1. Tell me the strands (runs of 3 or more DSSP E) entirely within the stretch A:67-114 that contain at least 1 residues that are more than 12 Å from every other protein chain (Cβ to nearest Cβ) and either under 11 Å from the mean Cα position of the chain (by Cα) or without any contact (Cβ under 8 Å) to a residue 24 or more places away in the chain (or both).
2. Do any strands (runs of 3 or more DSSP E) entirely within the stretch B:55-112 hold 2 or more residues that are surrounded by fewer than 18 Cβ atoms within 10 Å (Cβ to Cβ) and within 14 Å of another protein chain (Cβ to nearest Cβ), and if so, which?
3. Specify the residue that is farthest from the other protein chains (Cβ to nearest Cβ); the eligible residues are those in the stretch B:43-54 that are without any contact (Cβ under 8 Å) to a residue 12 or more places away in the chain and part of a loop (DSSP other than H, G, I, E, B).
4. Here is a check on your reading of the model: is residue B:40 out of contact with any strand residue (DSSP E or B) (no Cβ under 7 Å at 6 or more places or on another chain) and more than 10 Å from every other protein chain (Cβ to nearest Cβ)?
5. What number of residues within the stretch B:8-26 are loosely packed, with under 14 Cβ neighbours inside 10 Å and either within 14 Å of chain A (Cβ to nearest Cβ) or in contact with a helix residue (DSSP H, G or I) (Cβ under 7 Å, 6 or more places away or on another chain) (or both)?
6. Exactly one of (1) under 14 Å from the mean Cα position of the chain (by Cα); (2) free of Cβ contacts under 8 Å to residues at least 40 places away in the same chain; (3) within 11 Å of chain B (Cβ to nearest Cβ) is unmet by residue A:31. Its number?
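Taken together, the values in this text are just the output of simple stated rules run on the coordinates, not laboratory data. What you see is a predicted model, and the numbers here were worked out from it, not measured in a lab. Backbone-built Cβ (ideal geometry, glycine too); neighbour counts: all protein chains shown.
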């Protein structure tokens, strides 16, 4: 049981390049999310999904696309990278049990856009 | 503009002391308030959470206090240990969805 895996761990992009951050979970969780973490800003929700085929925008969705074709995978696409997208990106999978929202985060991808 | 305001930004506590981190929110539709702990180089991990129908929840050395009328909640870490040194985030969400809003984080250092 690997939990939530993210690839790559580190990535450097040039402005204007596109790329996909991969996220996979093997816990059969319905919910998955993408966050970015910036110093002094906490974590900000980019996009989330409540099940295969269903996605929605979070707090800071501009410049990012997602899709969820399977329960396991939730890739995040940067369409045209900008320096403002330099950040640490975390994927999370989660479920509700009783009254608790159990959210499991991946190890993160550190992205630098030059 | 952050929907959840967290303070202080950093906190230094002696071993055995009490660490207190505070959060405030504006959106009265929020109905779930978790706290996360994050160690350097790792993703956050759920520590403890509370619903607004209770004023306090305790799990081991960690306690959440919740004040619905003031729209504030806080994390108390009793008998703080050097191993508790980490960044702590409060968060809030509404309904049974995963649209969660986080505070800016508090870096806690517990000195031996």
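1. Values: elements: A:76-78, A:87-97, A:100-105, A:109-113.
In the stretch A:67-114, the matching strands (runs of 3 or more DSSP E) lie at A:76-78.
2. Working: elements: B:56-59, B:62-67, B:72-77, B:86-93, B:100-102, B:106-111.
The strands (runs of 3 or more DSSP E) meeting that bar are B:56-59.
3. Keep residues of the stretch B:43-54 that are without any contact (Cβ under 8 Å) to a residue 12 or more places away in the chain, which gives B:43, B:45, B:53.
Then drop every residue that is not part of a loop (DSSP other than H, G, I, E, B), which leaves B:43, B:53.
Values: B:43: 3, B:53: 10 Å.
For the stretch B:43-54, the residue satisfying everything is B:53.
4. Answer is yes for this residue.
5. In the first step, residues of the stretch B:8-26 are kept if they are loosely packed, with under 14 Cβ neighbours inside 10 Å; the result is B:8-10, B:12, B:14-16, B:18, B:26.
Right, trim to either within 14 Å of chain A (Cβ to nearest Cβ) or in contact with a helix residue (DSSP H, G or I) (Cβ under 7 Å, 6 or more places away or on another chain) (or both) and you get B:8-10, B:15.
Residues meeting the conditions: 4.
6. Against the list (1) under 14 Å from the mean Cα position of the chain (by Cα); (2) free of Cβ contacts under 8 Å to residues at least 40 places away in the same chain; (3) within 11 Å of chain B (Cβ to nearest Cβ), residue A:31 comes up short only on (2).
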